[in-house]
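Please read the structure below before turning to the comments.
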Amino acid sequence: MAQTRLTLALGIFSSLAASQTPADVILFEQMAERHTGAQTQNLSLFRPSSSHSKVISLEDILPVADSTGNLRCCPQGTVNDGKSCVFLHSEVCPPGTNLEGNVCVSVIGPRCPDNMTFNGQVCISKSPPNCPPSSWFNGQACESAAEAECPPGLKFYNGECISTSRPSCPPGFEAEAQLCVSRTRPTCPEGLKFDDGSCVGSQPPECPAGTSLMNELCYGNGAPACQAGYVFENGKCLHSSKPRCPGGSTFDGSACVSDEPPRCRTGTLNGQICESKPNCPPGTSLKNKECVEERPASCPPGREISFNEGQAACCPTGFKLNEGRCAKSAYSESECPIGTRYDSIAKEYAT
């Protein structure tokens with residue numbers, strides 16, 4: 001099953017500077033600033049235009065080790081693959097169905113009423129339809145068991161009523177192919193003979209002097225002539241000189257082709273297109289057709305990131321995250337700075 005990749009980053013918790021307890025951590029769905037478009041000379045112009053975020057509890061973030069033992073803070077339900085936090089499963093179809101293309105298809109085919117079966121389109125009966133007495137179902141309709149009847153003098157043959165008597169012709173003629181044909185052969189004038197329904201001569205046609213009979217036409221014995229400087233070739237008069245091309249090009253038989261290969265304004269020619277590698281600003285790299293900048297989490301001045309049991313918070317310098325609060329060891333209330341309180345049981349003061 002395909003893995004669904006989720007890129008995570010801990011946000012900057014500036015709201016913790018004024019609060020007495022660590023606030024919820026803002027989990028950004030996109031850790032990188034995405035830059036689409038061309039590179040500009042002023043790199044300071046590249047800033048994220050917007051951030052889509054959702055608030056989750058620190059308790060939802062846990063340290064997860066990858067196959068080499070390196071830790072990464074990931075939400076519950078995801079694993080560390082060494083590069084990011086990913087979901088192991090992505091169930092998009094209800095139980096009993098499989099994803100095929102962009103639709104969920106049931107494992108079990110459609111159901112039909114009793115004594116009926118699905119033929120791939122509709123539910124059809126397992127037994128043939130019933131027909132009235134003296135008829136039977138031929139696959140399309142109820143057909144009579146008895147043959148059709150014809151009027152007197154006719155009989156039923158191949159779906160038609162035909163006469164029992166053969167066609168008749170006048171004396172001296174006989175029926176042949178829908179016609180009455182004479183039994184006597186036709187006669188032709190003297191010097192001609194009957195051949196294949198026509199009277200034809202025994203001598204071939206004659207052509208004028210200087211021509212010969214070919215395919216029922218009289219063709220000249222000599223080749224066609226062209227103007228001076230032209231030659232007759234393939235039924236046309238073609239100039240004896242080949243077409244000329246401008247300087248730096250050569251005639252290839254159909255067009256003037258440049259002696260130099262095509263050039264690209266940017267990039268290099270690959271087949272019929274100009275290609276060049278994407279150019280990302282310094283500090284960014286190309287990922288999924290976008291220039292992405294990755295930055296580590298940081299805290300406001302006077303605070304530093306502290307991790308404890310899968311939780312993270314920006315604590316004052318010298319304080320450590322402990323049970324959801326920033327704390328520092330102390331032995332008396334007099335050691336507590338302004339804005340903190342003393343815990344006599346834990347022997348520490350906390351924000």
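The values are calculated or read from the model by the stated rules, or taken from the named source; none is laboratory data. In this text, all values refer to a predicted model and were calculated from it rather than measured experimentally. Cβ placement follows ideal geometry from the backbone for every residue including glycine, while neighbour counts extend to all protein chains displayed.
Name the residues in the stretch 237-269 that are part of a strand (DSSP E or B) and over 27 Å from Cys226 (Cα atoms), would you? Steps first, answer last, please.
Residues of the stretch 237-269 that are part of a strand (DSSP E or B), as a first pass: 237-239, 249-251, 256-258, 268-269.
Correct list: Ser249, Thr250, Val257, Ser258, Thr268, Leu269.
Report, ordered by the first and then the second residue, all pairs with beta carbons closer than 8 Å, sequence separation of six or more or different chains, a first member in the stretch 112-136 that is over 27 Å from Glu147 (Cβ atoms) and part of a loop (DSSP other than H, G, I, E, B), and a second member that is β-branched (Val, Ile, Thr) and modelled with pLDDT of 85 or more.
From the stretch 112-136, the pairs are Lys126/Thr117.
From the list Cys207, Cys142, which one is under 30 Å from Gly222 (Cβ atoms), surrounded by 11 or more Cβ atoms within 10 Å (Cβ to Cβ) and among the hydrophobic types (A, V, I, L, M, F, W, C)? Walk me through how you get there before you give the answer.
Details: Cys142 fails: under 30 Å from Gly222 (Cβ atoms).
None of the others qualify; the one that does is Cys207.
So that you can scan it fast, the table gives a plain yes or no per residue for (1) of a type in the set (Gly, Ala, Ser); (2) within 30 Å of Cys74 (Cα to Cα); (3) crowded, with 16+ Cβ neighbours inside 10 Å; (4) at pLDDT below 80:
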| position | (1), (2), (3), (4) |
| --- | --- |
| Ser276 | yes, no, no, yes |
| Arg303 | no, yes, yes, no |
| Asn308 | no, yes, yes, no |
| Cys314 | no, yes, yes, no |
| Thr317 | no, yes, no, no |
| Tyr331 | no, no, no, yes |
| Ile338 | no, no, no, yes |
| Ile345 | no, no, no, yes |
| Glu348 | no, yes, yes, yes |
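With the stretch 272-329 as the region, which strands (runs of 3 or more DSSP E) entirely inside it contain at least 1 residues that are touching a Phe, Trp or Tyr at 6+ places or on another chain (Cβ under 8 Å)? It would help to see each step written out before you state the result.
Numbers: elements: 273-275, 285-287, 290-293, 303-308, 311-316, 320-322, 325-329.
It comes to 290-293, 303-308, 311-316, 320-322, 325-329.
With (1) in contact with a Cys (Cβ under 8 Å, 6 or more places away or on another chain); (2) surrounded by 10 or more Cβ atoms within 10 Å (Cβ to Cβ); (3) farther than 30 Å from Gly222 by Cα as the list, and Pro170 as the residue in question, which single condition is left unmet?
The number of the failed condition is (2).
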